[in-house]
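Engineer: There's a structure below that I have some questions on.
Bear in mind these aren't lab numbers, they're just calculated from the coordinates by the rules spelled out. Note that the structure is a prediction, hence the values are computed from the model and not measured. All Cβ positions, glycine included, derive from the backbone under ideal geometry; neighbour counts span all protein chains shown.
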Amino acid sequence: MLNKNTVELLQKKIRKLEIDIALHKSVAKELKESEKRYTHIFEHSPVMVYRTDFSGKLLDINKSGLDLLGYNSRDEIIGMEANLIYADPADRVRFLRKIDKCGFIPEFETRLRRKDGTIIDVQTSTARRNINGSMDGYEGFVIDITGRKKAERALIESEEKYRTVAENSLAAIYIHQKTRFCYVNQRFAELLGYDSPTEFIGKAFWGVVHPEDRPLVKERGLRRTKKDFFPHQYLFRALKKDGSSIWVELRAAHASYMGQPSVIGNFIDITQSKRAEDEIRLLTHRLIEAAEKERKNIAADIHDEFGQALTALHFDLEAMQRSLSPEAGEQINKFNNLIINVEKLADVVRKTTSYIRPDVLDHLGLIPAMEWYIKEFIQRHTDIKIKLEVTGFKKRLNPETETVLYRFCQECLTNVRKHAKATSVIIMLTNSYPWVIFIIKDNGSGFKQSDNGLPKNVNKQGIGLQSMKERVAALRGNIDITSAPRKGTTIRIELPLT
């Protein structure tokens, strides 16, 4: 028989075994639940989950992995060497070198080959597999980043394309933000005589502008930083590194750069064309002066030669008439008719010389000359009403300006009579420093405008206006023409007083 001590010892061992069995059952249950959870995650993961041994042989892969690689079942891929899936075997070598060093790779980008041979971009997170304290392979996740990589490559290609265009452009290109340059291309530096674009970064954008043009460019640049506005294109003088200046034509627009409001623009060197334009303007000015001088000479010659001859003829006829006897009534009447015709001819000569070059323009100035011409015009065309409004004149203008404005008045009224068929005309002449402004409005038939404001059918009408545009440009003035069929015409010109 067992003694009491032995029984108690056995009972203790039994209780210990029962506890151990219960513990093992609990651990087994937890392990089973854990495996169940792992299997659920493995099978239902939206990304590829895989496991390989140390040699690289594929041991397991989930459904998402099969779909990603284009396989229908595990049997097709289980046991396959991993390096056969890599599009570039060198990536596999790089992968092994990295994971052997660190034991874990949080992000590794590579390209895999699908069953049909197509290549996809992927990112994998991989770790060594540890079971019961021993390493038996690798396991990890793989996500498809083909779309992202394609977008990145497209972005890089686009940036390279734009960089190539910008850096090889014949135009100077820049971006300024918060009043400072943050980008200029090589052409920008070359045009202004600098060695490198980096010399401009961080400098105020108006620092490269001629001091006389700086207020205008600065004001427009600051306004454009906040919002887009017109004009998008204008001219100014840019300062070179050596202190000289060049004329440039600027095109700029409001933009967003690095999430902040900015201005992007470009300009080209137009110094040579500006010089040519100035030479053409000077030549045009000289031609206009020569034409007016010739008109003046012709008018003076006609007035002097014809006037003197007609006056002498008038006196001779009167003397011959007085020499007749009172009984020669028929001859006296003939002399009366001849004298009347001579007076009419003298009046025609006077009007002709005044039209060619009115004396009143030279002696009294623009306003009396315009008043005289309008009065003569109304007498010839009684169906047209003309209203003249003059403001701000205290002294005469310079001769060139007076001549252009007088000729402009002549040309416009001629067009009103010949083309517009208007019945009402308003002429406004305003002296408002630094401009003298001439505006003429009519209620006539109007016309379709081309891009330059002139009539589209310029062969039949508009040649005179084209000539006037050239006269205005020769004096560095501005002209604006507004017209539409059956809407009348408004023409505005501005000429500098200095």
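Engineer: Under the classification rounded if a/c is under 1.5, otherwise prolate if a/b is larger than b/c and oblate if not, where does segment 272-357 fall, given a ≥ b ≥ c as square roots of the Cα gyration tensor eigenvalues? Spell out each step's value before the answer.
Structural biologist: Details: a/c = 10.57, a/b = 5.22, b/c = 2.03.
Prolate, because a/c is 1.5 or more and a/b exceeds b/c.
Engineer: Rounded to whole Å, give me the distance from the Cα center of segment 179-202 to that of segment 398-433.
Structural biologist: Going from one Cα centre to the other spans 49 Å.
Engineer: Let me have the 222 nm mean residue ellipticity of the chain computed from DSSP H runs of 4+ only, each contributing -39500 (n - 2.57), with the sum over all residues rounded to the nearest 500. Don't jump to the answer; show the numbers that get you there.
Structural biologist: Numbers: 13 runs with 228 residues, N = 498.
Calculated mean residue ellipticity at 222 nm is -15500 deg cm²/dmol.
Engineer: On a C-alpha basis, how far is the centre of segment 274-347 from the centre of segment 93-170 in Å? Whole number, if you could?
Structural biologist: Comparing the Cα centres of segment 274-347 and segment 93-170, I get a distance of 98 Å.
Engineer: Please give the contour-minus-distance gain from Lys293 to Ala473: 0.36 nm per residue of separation, less the Cα-Cα distance, rounded to one decimal in nm.
Structural biologist: Result: 62.8 nm gained on full extension.
Engineer: Sorted by packing (mean other beta-carbon atoms within 10 Å per residue), highest first, where do 407-420, 356-369, 110-123 land?
Structural biologist: The densest-packed peptide leads the list: 407-420, 356-369, 110-123.
Engineer: Relative to the present Cα-Cα distance, how much length would full extension add between Lys344 and Thr6 at 0.36 nm per residue of separation?
Structural biologist: On the way: separation 338, 0.36 × 338 = 121.68 nm, distance 16.61 nm.
Length gained, Lys344 through Thr6: 105.1 nm.
Engineer: Here is a further query. At q = 0.19 Å⁻¹, what is the base-10 log of I(q)/I(0) for segment 101-246 according to the Debye formula with one equal point scatterer per Cα and no solvent? Please give it to two decimals.
Structural biologist: Taken in order of the listed q values, log10 I(q)/I(0) reads -1.16.
Engineer: Using a 10 Å cut-off on Cβ atoms, rank the peptides 140-151, 94-105 from the highest mean neighbour count down.
Structural biologist: Details: 140-151: 15.3, 94-105: 13.2.
Per-residue mean Cβ counts within 10 Å order the peptides as 140-151, 94-105.
Engineer: Another question, then. Just to be sure I understand the model, the point goes 7 Å from the Cα along the line to the Cβ. What's the resulting Ala276 to Glu199 distance in nm?
Structural biologist: 2.9 nm
Engineer: With +1 on each Lys and Arg Cβ and -1 on each Asp and Glu Cβ, and nothing else charged, work out how big the dipole of the chain is about its Cα centre, in Debye to the nearest 20. Spell out each step's value before the answer.
Structural biologist: Details: 80 positive and 67 negative charges, 429 e Å.
So the magnitude is around 2060 debye.
Engineer: Which angle between 0 and 90 degrees, to the nearest 10, do you get for helix 271-301 versus the longest principal axis of the chain when only C-alpha atoms count?
Structural biologist: It works out to around 10 degrees.
Engineer: Less than 12 Å from a label point 7 Å out along the Cα-to-Cβ axis of Ser244: which backbone N atoms in segment 189-206 qualify, by residue?
Structural biologist: Those under the cut-off are 192-193.
Engineer: Additional query: Would the chain count as rounded, prolate or oblate if I go by the C-alpha gyration tensor, calling it rounded below 1.5 in a/c and otherwise prolate when a/b exceeds b/c, oblate otherwise?
Structural biologist: On the way: a/c = 4.84, a/b = 4.21, b/c = 1.15.
Prolate is the answer for the chain, as a/c is 1.5 or above and a/b outweighs b/c.
Engineer: Distance in nm between label sites at Val165 and Asp451, each 7 Å beyond Cα in the beta-carbon direction?
Structural biologist: About 2.1 nm separates the two model spin labels.
Engineer: Considering the options Ile427, Cys182, Gly444, tell which one lies farthest towards the positive end of the dipole of the chain, charges being +1 on Lys and Arg and -1 on Asp and Glu at the Cβ, about the Cα centre.
Structural biologist: Ranked along the dipole, the leading option is Cys182.
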